[in-house]
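The values are calculated or read from the model by the stated rules, or taken from the named source; none is laboratory data. The structure displayed is predicted, hence computed values, not measured ones. Quick reminder, even Gly has a Cβ in these numbers, built from the backbone with ideal geometry, and neighbours come from all protein chains shown.
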Amino acid sequence: MGFRFRYSLVLLLGLVVSLAQCNIRAPFFNTGENLSFNECGVRDEKTNRTSWVAFLKSSDGVCDGIVISRRTILTRQCSLRKRDVQNMIALVGDCSERNTLGDCILDELEIKDMIEIKVADPTGGARDNISLQLFISEKMPKNIRPICLFNRGQEMDLANLVDSPYFKMRWIFDFSDEEDLSDLRDELEPLNIVPHDICFKQSTEWEQRFGDLLHHSQRFLCVDDPEHYNDGVLVNFHSGRYFFRGFSALSISESVEHGLYLDILPQIDWIGQHAEGISVLPAIPPSKPCRGFKNPNNLSFRHCGKKPKIRKKRDDDYSNEDEDVDASGYILNGYNAEHEHPWHAYVENTATGDLCGGTLISRRTVLTAAHCIYGQRANQLRVSVGMYDKRLKNGATVQKRRPRRIICHPGYKDKQFKHDVGLMIFDKNFILNKKVRLICLWNEDSSLSLVAKRLGVVVGYGLNENDNVPKKLQEAQLPIRSHKECYKQHRKFFAKYLYPGDNFCAGYSNGTGTCKGDSGGSLAVEKNGRWFVRGIVSFGVTKMVMVDNETESFCMPNRYSLFVDVASYIDWIVENTPDVSFKD
């Protein structure tokens with residue numbers, strides 16, 4: 001829909017740059033050549049115009065912003081509020097279309113949602129925090145080309161590279177006497193990034209008011225901008241595209257020749273998590289060092305991780321006749337596990353019929369996923385160990401217990417799958433024998449590079465590839481993937497649910513995989529003849545399918561699955577496991 005926009009100000013949008021001494025990584029975006037949008041940042045060849053400026057309008061006022069995808073507009077300190085979304089519109093366009101009076105015609109779009117994040121105030125709290133907003137609109141026309149989000153690290157900021165210059169971009173709006181928008185054009189002014197120490201030396205006022213905070217801040221940048229008191233956006237031009245870097249944050253006085261800007265790089269992960277049409281590989285944190293266990297050779301238990309080496313190709317003699325388990329997932333294209341996993345625990349919720357797995361890590365403790373036990377009572381759960389065939393679940397070798405208490409990680413929230421780790425603590429020890437043994441807890445640092453590209457083994461009682469419930473415990477070998485491999489396979493899903501340092505992914509694209517019915521079971525890795533638990537089955541990609549006029553969720557075994565990274569939770573696990581401890 002066309003719209004003749006009435007406005008009476010010269011608008012200047014401001015942008016930011018980052019400091020070389022702050023270690024902010026280059027983001028990893030979702031489209032080719034690491035671009036936030038595959039057609040981003042290019043001027044229209046015919047009109048030499050840009051189409052990434054946007055206006056947001058409601059009965060309470062107007063804000064300006066910048067288009068970063070065909071569904072998302074990014075703004076700073078917009079006065080419009082989420083409660084007014086249903087009465088809000090976005091105006092986008094490049095003035096390439098005009099009415100009979102020569103005025104610009106902009107496309108009018110409905111706003112569907114607004115998401116906000118607060119960024120620390122550079123004054124240390126004297127005012128409200130600076131905020132960034134994402135406005136999610138209905139899909140924009142194909143002629144709208146978003147600007148690219150900055151896709152490199154800060155190492156080039158102070159280099160003033162000839163082939164990668166920075167500019168302040170200002171949008172100028174001209175109006176006719178009738179206050180109709182008659183023109184929309186942009187201007188570029190060359191700018192350079194200035195180190196903080198040089199920036200502050202020229203301003204006693206800056207030193208006194210903001211110096212201590214800004215010297216240690218990764219959020220704010222200093223730019224050689226004698227007209228900093230005018231708003232603008234700082235953009236980088238590289239390889240024929242314009243890249244957005246940040247918003248102007250603060251103007252102190254006209255006597256200062258530098259501008260202070262809010263860098264968007266520290267917020268890229270947040271933008272990627274919440275923007276429609278953009279996804280970002282989350283930051284990979286530094287690895288945590290390992291701590292020594294009290295047992296010889298740094299083991300959580302002296303004789304942990306030893307198992308018989310037996311493997312038998314799975315037979316097809318599976319039937320779900322008279323089955324009393326409500327299975328909700330599967331290991332596809334696996335093998336009969338026989339007695340190779342003496343630490344696997346079969347976890348039943350006797351109140352709901354739900355099924356999960358677990359792993360025996362001490363005589364009194366089973367490790368599992370938090371979502372398997374969250375909100376449940378301990379006496380509702382029945383745990384069986386030493387069971388490899390459910391037809392023999394009452395056999396003499398099977399040990400059954402109900403936990404005395406259950407513990408979920410304090411950071412876990414229902415159905416969010418972050419910090420998805422839990423423990424079941426028992427009053428009575430499990431008896432260790434040939435069919436019931438303890439797995440070793442991870443005893444190296446948490447770097448995923450130690451196990452990436454290796455095969456991990458997962459086990460469970462979920463559905464097989466024929467949608468039948470197996471009688472025997474199943475196992476599958478899955479390659480552990482690097483975070484980038486996961487992200488590239490299904491960018492939108494893993495940008496939202498992969499949390500490096502909290503979880504990792506593993507699997508094939510050939511139909512072998514796990515799903516929610518196997519939740520809580522272990523992903524084990526062999527080292528020096530012993531098996532160590534490195535992952536907990538958490539969740540994976542699903543699709544909704546209509547079955548008998550009802551919508552059901554089905555797992556997609558051609559996608560990698562997510563596993564809690566046990567190495568990141570060793571301290572918490574040991575602190576809450578009664579009979580495991582670190583060295584003094």
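List of remarks:
- Looking across region 424-451 at every residue that is outside any loop (DSSP other than H, G, I, E, B) and in contact with a Pro (Cβ under 9 Å, 6 or more places away or on another chain), the one that is nearest to Cys372 (Cα to Cα) is identified as Met424.
- Screening Cys104 with (1) buried (at least 20 other Cβ atoms within 10 Å of the Cβ); (2) under 22 Å from Ile264 (Cα atoms); (3) in the same structural domain as Phe247 (by TED's automatic domain parsing) gives one miss only, at (2).
- In region 65-101, of all residues being under 28 Å from the mean Cα position of the chain (by Cα), in a strand (DSSP E or B) and not basic (Lys, Arg), the one that is farthest from Asp269 (Cα to Cα) corresponds to Ala90.
- Complete set of residues in region 31-41 that are surrounded by 15 or more Cβ atoms within 10 Å (Cβ to Cβ) and under 22 Å from Glu155 (Cα atoms): Leu35, Ser36, Gly41
- Matching residues, region 225-251, being in a strand (DSSP E or B) and modelled with pLDDT under 85: Ser248, Ala249, Leu250
- Selection from region 180-207 of residues that are part of a helix (DSSP H, G or I), surrounded by 15 or more Cβ atoms within 10 Å (Cβ to Cβ) and either small (Gly, Ala, Ser) or modelled with pLDDT of 60 or more (or both): His196, Cys199, Phe200
- Condition met for Thr542 (of a type in the set (Ser, Thr, Tyr), surrounded by 15 or more Cβ atoms within 10 Å (Cβ to Cβ) and at pLDDT 95 or above): no
- Exclusive hit being in contact with a helix residue (DSSP H, G or I) (Cβ under 6 Å, 6 or more places away or on another chain) and either modelled with pLDDT under 90 or not β-branched (Val, Ile, Thr) (or both), set Ser96, Ser51, Ser79, Ser58: Ser58
- Pair list, Cβ < 7 Å and 6+ apart or interchain, from region 17-32 residues that are more than 16 Å from Ser279 (Cβ to Cβ) and at pLDDT below 50 to residues that are surrounded by 19 or more Cβ atoms within 10 Å (Cβ to Cβ) and of a type in the set (D, E, K, R): Val17/Asp157; Val17/Arg245; Val17/Asp263; Ser18/Asp157; Ser18/Asp263; Leu19/Asp157; Ala20/Asp157
- Matching residues, region 358-401, being modelled with pLDDT under 90 and not basic (Lys, Arg): Met387, Tyr388, Asp389, Leu392, Asn394, Gly395, Ala396, Thr397
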